[in-house]
1. Explain nothing, just the number: dipole magnitude of the chain about its Cα centre with +1 on each Lys and Arg Cβ and -1 on each Asp and Glu Cβ, in debye rounded to the nearest 20.
2. How much solvent-accessible surface does THR615 expose, in Å² to the nearest 10, with a 1.4 Å probe and all protein chains in place?
3. Considering the options HIS719, CYS263, CYS563, tell which one lies farthest towards the positive end of the dipole of the chain, charges being +1 on Lys and Arg and -1 on Asp and Glu at the Cβ, about the Cα centre.
4. State the extension gain, in nm to one decimal, for the chain segment bounded by LYS240 and ALA170, taking 0.36 nm per residue of separation less the distance between their alpha-carbons.
5. Under 5 Å between amide hydrogens, which residues at least 5 positions from THR674 or on another chain qualify, with H placed 1.01 Å from N in the peptide plane?
6. Can you give the accessible area of LYS177, probe radius 1.4 Å, in Å² rounded to 10?
7. Measure off, as a whole percent, the carbon and sulfur share of the 1.4 Å-probe accessible area of the chain, all protein chains present.
8. Test of understanding: extend the Cα→C-beta vector of MET774 to 7 Å, then name every residue of the stretch 744-768 with backbone N under 14 Å from that spot.
Amino acid sequence: MTNLTLLTWAGILCCLVWSGSAQQGGSDCIKANAKSCGECIQAGPNCGWCKKTDFLQEGEPTSARCDDLAALKSKGCPEQDIENPRGSKRVLEDREVTNRKIGAAEKLKPEAITQIQPQKLVLQLRVGEPQTFSLKFKRAEDYPIDLYYLMDLSYSMKDDLENVKSLGTALMREMEKITSDFRIGFGSFVEKTVMPYISTTPAKLRNPCTGDQNCTSPFSYKNVLSLTSEGNKFNELVGKQHISGNLDSPEGGFDAIMQVAVCGDQIGWRNVTRLLVFSTDAGFHFAGDGKLGGIVLPNDGKCHLENNMYTMSHYYDYPSIAHLVQKLSENNIQTIFAVTEEFQAVYKELKNLIPKSAVGTLSSNSSNVIQLIIDAYNSLSSEVILENSKLPKGVTISYKSYCKNGVNDTQEDGRKCSNISIGDEVRFEINVTANECPKKGQNETIKIKPLGFTEEVEIGLQFICECMCQSEGEPNSPACHDGNGTFECGACRCNEGRIGRLCECSTDEVNSEDMDAYCRRENSTEICSNNGECICGQCVCKKRENTNEVYSGKYCECDNFNCDRSNGLICGGNGICKCRVCECFPNFTGSACDCSLDTTPCLAANGQICNGRGTCECGTCNCTDPKFQGPTCEMCQTCLGVCAEHKDCVQCRAFDKGEKKETCSQECMHFNMTRVESRDKLPQPGQPDPLSHCKEKDVDDCWFYFTYSVNSNGEANVHVVETPECPSGPDIIPIVAGVVAGIVLIGLALLLIWKLLMIIHDRREFAKFEKEKMNAKWDTGENPIYKSAVTTVVNPKYEGK
């Protein structure tokens, strides 16, 4: 029974904690003020709609059907009546990535090679709920390559042209080490054919070069050779090319790049790796520079090749860098800038603006162009960068990369992996989230692809903006006041011009003064108790800022937050506030559920309630005897104590002596007495009755031992040791001997101390004497009494000769 009670309490507490946290999380659902199931599920991924017909309490608005899932369950909505559609993922095309080796007998068409997986899928998106899928990319070995060599043919590139004339066959030989399917093309550019870019005099138009140089007429862009697998043909056609000339240093290369990108049919691009090698020794013109020649129309980004010549250079301005980036990306073209050392800095800045591009240093005569192309290709192909098409409004996408050697990245770096070799496989985790529903709810399509590759993943987006139960709605339902609305998802959706929970009122016919009478309590002037609005003769209670606090009732007279509190908690945390009255949980009572009926806190160590000296009220002992206090009435500050109180009676009954010897039979018969042989035979702690062990002195200064206890029937029992412990008398002889010995020893000690002090004093005096003796000096020459017997006379005339 005890275990069952504990489990019940644990369940109640868990539900309370879950409900509280759920309501806190569900506040967004309530704040959405959803009038329909569709509006509810768009409020957040954790919002659900209860379609149970009788779910709402009196006075609650229709929007109260929308709440957090756990909150709806705690309010009594069965799980099968909660509308909570979830998003999903469905893969439509999932071909495995291609595994093949260079030189294999099997020759696959480019369109039969797969480097990205999956290829097509559909995501069903609910607002706020991300859908995740994994994208796998693997660089296929022996993948076909199309390379288009676009060369500046201004006069400064004269020596470079000679080396490029043999590029076709030489490059073919090198590229065979990478792929067995390689094609090469060639195009050239100079400048717009208007002033001030070129000289428009007839002579200069025929030959723009000075002196006896034979140069071809200036042109903007010319497609010399469409992509071909014949290297000899490349050498042949390029060998026929001649240098041209222009006036200014920057060249019109951007016009040429745009035409190469958008004229796919004329160039001959296939759906394979597309490389564009841009070779020059000068800078470039870009959007706006055309104004110098009177050209103001922006570049239209369309193909204008006639007879392999760009014919609209005089009509359209140069393209902008952003426009070039867009077109190169759309057509999956990777650009290699082969430029001289002088312009390295300029083109490196340009590379940073154009994804999947590289810059190589071109020698003065282009002799290193083949190695430059090989190095740039390896650099470009070792990195994969994902890009997505334009996202619909309200849709966001995030990437996480799983690259080689355990390198993982998120945010912008999550789009790419570097240092990829042929045959390496990398993975990306992609999250797609809808933050709002499109206005018309139409499906959308987005595409994700690796930059520079033609393959892509097509993703169909389907938005969950309505509930399944809405499709089961009953138009003009009798449940909505004789067909004035559609009954769907357990509630009425009123037709235009109708209001009320059941669409029972017309907006044209409602007289607010007449209807207000139905929203007042008897003998009250307050409409909906000032806690709501009167709509169509019914109170719709207003919402509180704290979504956990709710008004309810026919007149919004009830709430769940104005009940009595204890310890700062509504109903002390031990009950539920309903209509301003606490409904307490089991084992609690009181207006604030602050009175516990559990007697466990009142149990004393002896197992009795309040030690038998009080009553247990609300989990606290109320002592009936004012002398006692404490949590279980165990303390008495003014009491003698059990032992001192009963020692005289025990002494007179057990040993027939003591102060109460004469009155023992009258005053000391209130307990049962049992004699025992020794202290070991006395009752020990641990028995059910409260027990006190006592040690007291009798009139003869002997110690006697007894225990005092009271059983459940209120009978006092005393167990006493039958023989007291009396102390023995003192032994005189040892005491006297000890005193005499002590006196003698003290005398001897004093003599020894005196002798020691004398020895120390004598030694100090002797040392002093010795020191004075050493300091004494006896010199006869200095004796004032002594007079010498010799007299010395000095002759004053003696000169020492």
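1. 2800 debye
2. Only protein atoms counted, so the area is about 60 Å².
3. Working it through, the farthest residue towards the positive pole turns out to be CYS263.
4. Computed gain between LYS240 and ALA170 is 23.4 nm.
5. VAL718, HIS719, VAL720
6. Accessible area of LYS177: about 150 Å².
7. 51 percent
8. 766-768
The values are calculated or read from the model by the stated rules, or taken from the named source; none is laboratory data. Values in this document were obtained by computation on a predicted structure and should not be read as measured data. A quick note on method: Cβ atoms are made from the backbone with ideal geometry, for glycine too, and the neighbour counts reach across all protein chains shown. Surface areas here come from the heavy atoms of the whole protein model, side chains and all, with no ligands, DNA or RNA. Shrake-Rupley method; radii C 1.70, N 1.55, O 1.52, S 1.80 Å.
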